[in-house]
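Novice: Just passing along the structure, written as structure tokens.
The values are calculated or read from the model by the stated rules, or taken from the named source; none is laboratory data. In this text the structure is predicted, and so the values were computed from the model without any measurement. Because the Cβ atoms are built from the backbone with ideal geometry, glycine has one as well, and the counts that use them run over all protein chains shown.
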Amino acid sequence: MDNQNNNIPLILNENRIFIIRENITKADLVSKLVHSICSDLPNLNEEEVLSSVLKREQGISTTLDTGLSIPHARVEDLDAFQAALAVLPAPIKDDYGLDVKAMFLFFSPAGQAYFSGHLKLLAALAEKFNSDFIKELSETNDKGLLLKKVSL
Amino acid sequence: MNSDPSAEKTSRFKLKGVVVMTTAMLTFITFWKAAAIVLCDFGSSAFYAGSIAMKAIGPAFPWYILAIMIFAGPILLMYMEACSMFTRGGIFPVVKAGLGENAAKLATAAILFDFLLTGPISGISAGQYIVGFINSILEFLNIETALTGDGFSILFAIAVTIYFWYQNIKGIEDSSEKSSRIIKFSVMVCAIVVVWAIITLFIKDDISVPPIAPHFNEHSLGWAADIPFLQHIGIFGVLMALGHSVLALSGIETLAQVFREIEYPKIENLKKAAFIIFVFALVFTGGLTFLAALIIPPDLIATKYQDNLLAGLAMNLSGPTVFKLILQACIVAAGAVMLSGAVNTSIIGANGIMSRMAETGILTDWFRKIHPKYGTTYHMINMICVMQIIVILFSRGNLYLIGQAYAFGVLWSFVFELASIVVLRFKERERKRLFLMPFNVKFDHYLIPVGGILVVIVVILLALTNLITKQVAAVTGISFAAFFFLIFSVSERLNAQKANDIFEEGHREKLNHIKADTLEKALSTLSKENRLLVAMRDPDNMYPLDAVLKDLKDDDTDVIVLYVKPVEHWRIGKREMAKSVDENELFTNIILTAEKYGHEVFPIEINSNEVFYAISQVAIAAKAKEIIMGVSGSYGAHDQMERLVMAWGVLQNGQPHIPMTARILWEGREVSYKF
């Protein structure tokens, strides 16, 4: 399960990648990404999952100074990691006033055995999505290419 | 400040103002060095205790000196129990906890009396040994002149006191290495003397074992001469004889002061140190005094070697005079450095005790006044040294006179401290003790300290006997104790508000704040193979540091203790900044925790607007193998760990990962993650 979470193509697909050019709030963006994942996984209760993500957002910030926001939740009815990505060429502000230039939202299975993988994914995303990489993503208009870039 | 300057330019998370906290309280020493420090004071009494006891009780003196040195064993065990309860021992906190504040003031006055006489008696004794050696040389060269010891001894004692006054004003650095060398040299000299003396015992045929029955003179009987019935009670005679020999125990209390400095594992090392102290003192003071009494003709003990007994032992061994002179030179050298060291210890000890009184608010700020250049408590040091010089001048170099008075401070400080240890068994029976004085009987919820009670009874009997037999000690000691009790009480009243504030605030460690230009510079003094980073914030929650230090077995790890101070003006957007804490209280508690286990820590403070970013950056810069932190009451361990791994990830910059484990600890639970 540790290896699977870092294999981006296994947890993310083109349908869950968004290039957001319109003005949007962070909460709406989170809802949009949650919805995209739940659309693929009908067994998930979208409302409950969204509530979990937003609840986590009330805790220690998931936004980094690089402009990456990583909302996430550990979900009971899940047996594999699932993710969605939004790239924002025009940054939005998060609740703390930090710029959000990319949002990588993911769900991880709630079991304790998955927690290590959950942390590993957070660390890997934080490392990969540095300022230069996010700038590179924001200049990319093709979802397939975006998936390829984040999967490398 | 950032390890990677380019990251600092683009990052909104800031890390500035690295401050390394240093204090003399953060160095720890081996059990051997701890024993050496104690022995430089305690062992130095070997040079004069026998002579003084001989003048008081006659030829039986070696038996009583030996008995007193055996009695040092139970006293050391009692002190070990006190140390296991009070890491920062010293007489005041122990007696205050056991018998209350007034008793603590009296006990402190008694031990101050002890310290004020330790300097003069040691300085004068060293002078007497030097004069004795010069006379031996003159005799060897057939020069019919002999120096009289008292004048030279007075000058020597004053010179040594002034020398150490100046050293203490300047601030003496760690002297444990010097003490260690002195004791190693003394052990070597002692071994040579013992072997040579045993050979002499086999060669000489006029050896006679000293009598056990003491012979008192009018002076050593004191007021007991006017109480005839006491002279018919055998046990009283034994107590009197022991009372005249008890000054050999002087310096043993240094163990309580040095315990704070002993390295991990503290109690195990304390046991080893106490064992070395006991064996060395028994052989050095008890053994050499006994051998001196066996080998030196009684008429010479009472005359020529009355103030330099061990030198007399060297000169009365069998063998060529030249070799005996060399051995005497070695004994004089050992004596001069040990006794001079004891002068220094007495100044440090008295200053330390008065500083503790000042810290609790009992003494006014005048006493605590810090020297503008050297940062030492110069008013107290001046006062102590002036009083010691007055004692030297008034005594006119008479060792016996000072020795008589000296026992008062030694015994009454024992009475208060040891009685407190016994009382605390009942008063604070739940208090954690890592060592117990042996011979205990369990009764109800109490562990009755039978052994401790017996020791206290003996000490009280000796102290009361000395009050009757030692007029000089009783008059000067009681006057001095009353005088200092008065000073403490008046000063406390004048300082009442301050004392109350100090009580409310609790103890605060004096810390040097050393600013570093870069994180790398701040960490450059770390030298051990492994590093752990412990992030601390709450002064009332030392659990993470406690857990780390408790389990730290090897001495190959630097423990960095980091406080990330939130900086309000670097606030990002609406981000809620954690409130800063009383950093002095935090670092004081960090130091006290480090002392408890005897592990060195490296406390640093960093200003930042992002705690986890700062923690990760310091851990990466230090190449720490572990990051340890406590749980946040606001967020919980999982959220904290998530933020920490994110911050760690941001800081990697594509560099090869250094294996690191993050641990969040609370109440026996742990969340960990291996990067």
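Novice: Considering B:Ile143, B:Ile162, B:Ile172, which residue is closer than 30 Å to B:Glu261 by Cα and not in a helix (DSSP H, G or I)?
Specialist: Checking each option against the conditions leaves just B:Ile172.
Novice: Now for a different question. Does A:Ala90 satisfy being modelled with pLDDT of 95 or more and in a strand (DSSP E or B)?
Specialist: So A:Ala90 does not fit the description; no.
Novice: For region B:471-499, name all the residues that are surrounded by 17 or more Cβ atoms within 10 Å (Cβ to Cβ) and hydroxyl-bearing (Ser, Thr, Tyr).
Specialist: B:Thr476, B:Ser491
Novice: Here is a follow-up. Check off (1) surrounded by 20 or more Cβ atoms within 10 Å (Cβ to Cβ); (2) within 15 Å of the chain's Cα centre (by Cα) for A:Ala124 and give me the number that stays unchecked.
Specialist: All conditions are met except number (1).
Novice: Let me ask something additional. When you go through (1) surrounded by 15 or more Cβ atoms within 10 Å (Cβ to Cβ); (2) modelled with pLDDT of 90 or more one by one for B:Pro211, which number turns out not to apply?
Specialist: Every listed condition holds for B:Pro211 apart from (1).
Novice: If you go through region B:87-130, how many residues are modelled with pLDDT under 90 and either not assigned by TED's automatic domain parsing to the domain that holds B:Ser346 or not in a helix (DSSP H, G or I) (or both)?
Specialist: Result for region B:87-130: 4.
Novice: Right, next: Can you tell me which residue is surrounded by the most Cβ atoms within 10 Å (Cβ to Cβ) among those in region A:37-62 that are at the interface with chain B (Cβ under 9 Å from one of its Cβ atoms) and touching a strand residue (DSSP E or B) at 6+ places or on another chain (Cβ under 9 Å)?
Specialist: A:Thr62
Novice: Among the residues of region A:109-132, how many are touching a residue at least 40 places away in the same chain (Cβ under 8 Å) and either away from chain B (no Cβ under 11 Å) or not small (Gly, Ala, Ser) (or both)?
Specialist: 11
Novice: Name the one entry in A:Asp79, A:Asp28, A:Asp94 that is of a type outside the set (Ser, Thr, Tyr), touching a strand residue (DSSP E or B) at 6+ places or on another chain (Cβ under 7 Å) and loosely packed, with under 14 Cβ neighbours inside 10 Å.
Specialist: A:Asp79
Novice: May I ask you to verify whether B:Phe416 is within 28 Å of B:Ala67 (Cα to Cα), assigned to a loop (DSSP other than H, G, I, E, B) and not polar (S, T, N, Q)?
Specialist: So B:Phe416 fails the test.
Novice: If you go through region B:255-294 one residue at a time, how many are under 21 Å from B:Asp206 (Cβ atoms) and surrounded by 24 or more Cβ atoms within 10 Å (Cβ to Cβ)?
Specialist: The qualifying residues number 4.
Novice: For region A:29-43, does any single residue satisfy the condition of being touching a residue at least 12 places away in the same chain (Cβ under 8 Å) and outside any helix (DSSP H, G or I)?
Specialist: Yes, because at least one residue in region A:29-43 is touching a residue at least 12 places away in the same chain (Cβ under 8 Å) and outside any helix (DSSP H, G or I).
Novice: Only one of (1) in contact (Cβ under 8 Å) with a residue 40 or more places away in the chain; (2) part of a helix (DSSP H, G or I); (3) hydrophobic (A, V, I, L, M, F, W, C) is not met by B:Ile252, so which one is it?
Specialist: Single failed check for B:Ile252: (2).
Novice: I'd like to know if region A:72-86 contains one or more residues that are part of a loop (DSSP other than H, G, I, E, B), among the small types (Gly, Ala, Ser) and within 14 Å of chain B (Cβ to nearest Cβ).
Specialist: There is no residue in region A:72-86 that is part of a loop (DSSP other than H, G, I, E, B), among the small types (Gly, Ala, Ser) and within 14 Å of chain B (Cβ to nearest Cβ).
Novice: Another one. Residue check: is B:Asn584 at pLDDT below 90, in a helix (DSSP H, G or I) and closer than 30 Å to B:Lys266 by Cβ?
Specialist: The answer is yes for B:Asn584.
Novice: A:Ser151 passes all but one of (1) surrounded by fewer than 22 Cβ atoms within 10 Å (Cβ to Cβ); (2) closer than 23 Å to A:His35 by Cα; (3) in contact with a strand residue (DSSP E or B) (Cβ under 9 Å, 6 or more places away or on another chain); (4) not aromatic (Phe, Trp, Tyr); which number fails?
Specialist: The failed condition is (3).
Novice: Sort out for me the helices (runs of 4 or more DSSP H) sitting completely within region B:432-551 that have 1 or more residues that are among the small types (Gly, Ala, Ser), modelled with pLDDT under 90 and not assigned by TED's automatic domain parsing to the domain that holds B:Trp412.
Specialist: Fully inside region B:432-551 and qualifying: B:471-494, B:496-505, B:519-523.
Novice: Six or more apart or on different chains, Cβ under 6 Å: which pairs go from a residue in region B:137-150 that's more than 17 Å from B:Ala311 (Cα to Cα) to one that's part of a helix (DSSP H, G or I)? Could you list them?
Specialist: Correct list of pairs: B:Thr145/B:Leu138.
Novice: So, one more: Among the residues of region B:634-661, how many are more than 7 Å from every other protein chain (Cβ to nearest Cβ) and surrounded by 14 or more Cβ atoms within 10 Å (Cβ to Cβ)?
Specialist: Total meeting the criteria: 8.
Novice: Right, another one. If you check A:Asp99 against the conditions, is it within 14 Å of another protein chain (Cβ to nearest Cβ), in contact (Cβ under 8 Å) with a residue 24 or more places away in the chain and more than 30 Å from B:Glu670 (Cβ to Cβ)?
Specialist: Yes.
Novice: Has region B:368-387 got at least one residue that is of a type in the set (D, E, K, R), under 24 Å from the mean Cα position of the chain (by Cα) and over 30 Å from B:Leu462 (Cα atoms)?
Specialist: The answer is yes; a qualifying residue exists.
Novice: Enumerate the pairs (first residue in region B:69-91 and of a type in the set (Lys, Arg); second residue anywhere and modelled with pLDDT under 95) with beta-carbon separation below 8 Å, excluding pairs fewer than 6 apart on the same chain, so at least 6 apart or on different chains.
Specialist: Every condition considered, the pairs that remain are B:Arg88/B:Arg260; B:Arg88/B:Leu592; B:Arg88/B:Glu595.
Novice: A further question on this structure: For region B:369-400: of the residues being in contact (Cβ under 8 Å) with a residue 12 or more places away in the chain and of a type in the set (Phe, Trp, Tyr), which is farthest from B:Phe164 (Cα to Cα)?
Specialist: My answer is B:Tyr400.
Novice: Same structure, new question: Six or more apart or on different chains, Cβ under 6 Å: which pairs go from a residue in region B:352-368 that's more than 10 Å from B:His379 (Cβ to Cβ) and touching a residue at least 60 places away in the same chain (Cβ under 8 Å) to one that's surrounded by fewer than 24 Cβ atoms within 10 Å (Cβ to Cβ) and among the β-branched types (Val, Ile, Thr)? Could you list them?
Specialist: Taking only residues 6 or more apart or on different chains, the pairs are B:Gly361/B:Ile502.
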